[in-house]
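Down below is the structure, laid out as structure tokens.
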Amino acid sequence: MTPQEISAYMKAGRIARKARECAEGAVREGKTLLSLAEELERLIRDEGGEPAFPVNISVNHEAAHYTPMPGDGRVFKRGDVVKVDLGVHVDGYIADTAITVEVGTYRYEALIEAARSALDAVVRRMRVGVRTSEIGGWIEEEITAQGFRPIANLTGHSLDRYALHAGLSIPNFDDGSRKTVEVGMAFAVEPFSTDGQGWVRNWKPGNIYSVKRARKGEVLGDFGREVIERFKGLPFTPRWLPDTPDRDEMIRRGVKSGFLHAYPVLVERGKGTVAQFEHTFIVTGEGVKVTTL
Ligand code: MN
Ligand code: MN
């Protein structure tokens with residue numbers, strides 16, 4: 001990792017931390033999810049970053065991949081368990097971080113604490129050479145000790161320039177993998193805790209898309225070119241294309257032709273409530289750094 005890469009990762013991490021801290025205070029009863037997403041994405045751009053993906057705001061048994069659509073009127077309600085998961089990139093170098101907030105009540109404090117303390121344990125114990133399965137074991141141990149389940153089919157992931165999932169998964173349980181954390185790697189760790197079954201399944205479409213097969217974008221002309229050049233393979237949402245002619249129709253055709261991937265909202269299979277925390281790590285010659293801490 002060059003000094004320039006390290007500094008871009010660290011800058012993205014600082015901006016992501018600032019946006020996450022803002023989110024923690026900004027989730028309030030009666031506020032729209034849309035205004036929160038727009039506020040955070042504006043903060044990211046004002047600080048000199050770009051959103052690496054649309055701000056995900058997933059509530060209660062939704063675990064991930066919901067972002068508000070244009071004009072979305074959905075509001076936070078008292079008692080909601082809200083996951084805000086956000087990404088920042090600086091020149092393609094990504095920071096990915098998440099927090100969980102309960103709106104106005106304290107019923108899910110223990111569930112939220114389980115995911116938070118699992119991530120704290122990972123931060124404390126992380127070192128070069130550790131197996132990804134050991135990291136998963138720490139998470140599983142922390143969450144189950146507190147009476148909850150980790151979500152088995154959601155994982156952390158390695159990062160690369162303009163690549164949110166660069167090939168290596170960091171599980172939320174000990175999956176027996178012998179892969180290890182090595183110098184030069186960037187990756188996110190994201191423990192999810194639930195009082196449900198510990199599995200997510202696909203639900204309805206969630207307003208998030210990414211380019212799947214760039215060559216299939218040619219038939220969509222300017223729209224295809226714009227999406228490829230502007231997002232460079234990172235996820236995007238219709239909110240970010242307010243002036244695009246026939247936007248919704250273009251996206252529909254893009255999905256149908258295999259040009260675009262549409263991310264479904266992921267929900268807990270047993271309708272359990274879900275909490276999540278996430279940090280991004282880089283491993284340099286000097287050791288492991290948490291960029292979003
Ligand atoms: Mn994330
Ligand atoms: Mn992530």
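The values are calculated or read from the model by the stated rules, or taken from the named source; none is laboratory data. Source: prediction; values computed, not measured. Note: ideal-geometry Cβ built from the backbone for every residue, glycine included; neighbour counts use all protein chains shown. SASA here: full protein model, heavy atoms, side chains in, ligands and nucleic acids out. Shrake-Rupley method; radii C 1.70, N 1.55, O 1.52, S 1.80 Å.
Carbon and sulfur: what percent of region 71-120's accessible surface (1.4 Å probe)? Solvent-exposed carbon and sulfur of region 71-120 make up 46 percent of the total. Applying 0.36 nm per residue to the separation of residue 46 and residue 214 and subtracting their alpha-carbon distance, the gain on full extension is 57.5 nm. Between residue 252 and residue 39, full extension at 0.36 nm per residue minus the direct alpha carbon distance yields a gain of 74.0 nm. The slack between residue 124 and residue 77, meaning 0.36 nm per residue of separation minus the straight C-alpha distance, is 13.5 nm.
Within the straight-line cut-off of under 30 Å between alpha carbons, the lysines reachable from residue 289 are 11, 18, 83, 179, 232, sequence neighbours fewer than 8 places apart in one chain being disregarded. Annotation: lysines with alpha-carbon distance below 24 angstrom to residue 77 (same-chain offsets under eight excluded): 31, 204, 271. Could you let me know the centre-to-centre spacing of region 175-215 and region 96-115, using Cα atoms, in angstrom? For region 175-215 versus region 96-115, the Cα centre distance is 20 Å.
As a rough guide to protection, the peptides 181-188, 72-79 ranked by mean Cβ packing within 10 Å, highest first, stand as 181-188, 72-79.
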